1. So what's the back-of-envelope 222 nm ellipticity for the chain, counting only DSSP H runs of four-plus at -39500 (n - 2.57) apiece and dividing by all residues, rounded to 500?
2. Per residue of region 320-331, what does 6.51 cos²θ - 1.76 cosθ + 1.60 with θ = phi - 60° give for ³J(HN,Hα)? Whole Hz please, x for Gly and Pro, Karplus curve as stated.
3. Counting only protein chains, not ligands or nucleic acids, how are 225, 372 ordered by accessible area (probe 1.4 Å), most first?
4. By average Cβ neighbour count within 10 Å, what is the ranking of 36-46, 259-269, 50-60 from highest down?
5. Provide the gained length on full extension for the span residue 283 to residue 140, in nm with one decimal, where the gain is 0.36 nm per separating residue minus the Cα-Cα distance.
6. Counting only protein heavy atoms and a 1.4 Å probe, tell me what percentage of the chain's accessible area is made up of carbon and sulfur.
7. Once the dipole of region 136-295 is set up with Lys and Arg at +1 and Asp and Glu at -1 on Cβ about the Cα centre, which of 295, 169, 258 lies farthest towards its positive end?
8. Starting from the Cα of residue 66, step 7 Å toward the Cβ, then list every residue of region 328-371 with an amide N under 14 Å from that point.
Amino acid sequence: MNAPALQTPARRLKTDVAIIGGGIVGASAALALRQLGHRVVLLERDLCGSRSSGVNYGGVRRQGRLPVQLPLAQRAHPIWARLPELIGTDGEYRRSGHFKIARSEADMAALEAYAALSRDFDLGLQLLSADQVRAQCGPWLGGAAVGGSLCPEDGQANPRLVSPAFARAAARAGAQVLERHAVHEVVHDGALFHLRAGDGLQLQAPVLLNCAGAWAGALAAQFGEPVPLVSNHPAMAVTEPLPAFLPWSLGVEGGGIYCRQVPSGQLVLGGGQAEPVSADALHTRVAAPTLGTLMQQAIDLLPGLRHAQLIRTWSGTEGNLPDRQPVLGPSATTPGLFHGFGFCGAGFQIGPAVGEVLAELVHSGRSSTPIEAFAITRFPSPAAVQTPLPGAHR
């Protein structure tokens, strides 16, 4: 990330709110807190937006989320429309539409049921027949589709632009954004959090936001709130420029490959799992067998890709929870601690709204958006143990 976000800290700092994690959630929380007048220090182990927030697929969708997430998704929806004024760039955001393909009558029935279930949220879903789908996608689409569901105002953006831009905007607003500052230790004395980070930085704050993504579980566990958080490594690829053929961001009912075509003609593809190549999952890669499976699925769905060339592959590390829901809200064991992590690969669209919610919780003690379903208390929590973090955490 470029200046002005990267700053040189003093050895000792005091602030109102400390944030661990410079992804889209932590950075948007920092920005929202500054807009409410709070002093903020954000600590990022690497570069802001360099982990899951910056290497994800880039889908900005509401369709397919469980109803408990839709209030957050609806809150985020208008935020995306005003990115230029909020963070200084549109991040290549466009409301291209998100289309979910049905490959069987059972899939189509599931999409029809979801349209009914989500009707109160006014997503504007349109159920399309197989003929309507083929009329839109032409000969590129294979014969697998029996129909699908289109959310016309969902869309896509470039995560490599959006996530770091939130951190830069927070810095312009007055937050201290400290990159390459791994957090080595966090202790709470009953009133203040004491953090040791980077090369000798000591930070004190009455409020701490745990936005450390796939590495947030260690911090939660330290304060007596263990969660069954596991790492997930999506396999991603991008093709050479192709003739324009795909008007929507495309998903598949029941899971599988997902893809979107950007204005340059390149197709961004995702699906399957990459392999971690370091013990702490800081580095991952897409191995040849995974890539082969990904491309076979792509060709089955879109036969026109049969001769397309891949020009790049990548992966990242996401935090997953067994119920596919994030942890969002106050700690049940430690005053001043708030959690925002575990978005299970679907945090990009709701990230800006989550940041606002965390800022509201700090500022007023309540959220104007319902978040009860995401409480950390849904997992068993033994007594807190004040010990140093096991290694450096984002």
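1. For the chain, the value works out to -7500 deg cm²/dmol.
2. These are the phi-based 3J(HN,Hα) values: 10, 10, x, 8, 6, 10, x, 9, 8, x, x, 5 Hz.
3. Ranked from most to least accessible, the order is 372, 225.
4. Per-residue Cβ counts within 10 Å, averaged per peptide and sorted highest first, yield 50-60, 36-46, 259-269.
5. Working it through step by step, the gained length comes to 48.0 nm.
6. 53 percent
7. Value computed over the given set: 169.
8. 328, 342-346, 371
The values are calculated or read from the model by the stated rules, or taken from the named source; none is laboratory data. These numbers were taken from a predicted model, which means no experiment stands behind them. Every residue, glycine as well, gets a Cβ built from its backbone with ideal geometry; the counts of neighbours run over all protein chains shown. In case anyone asks, the SASA skips ligands and DNA or RNA and just uses the protein heavy atoms, side chains included. Shrake-Rupley method; radii C 1.70, N 1.55, O 1.52, S 1.80 Å.
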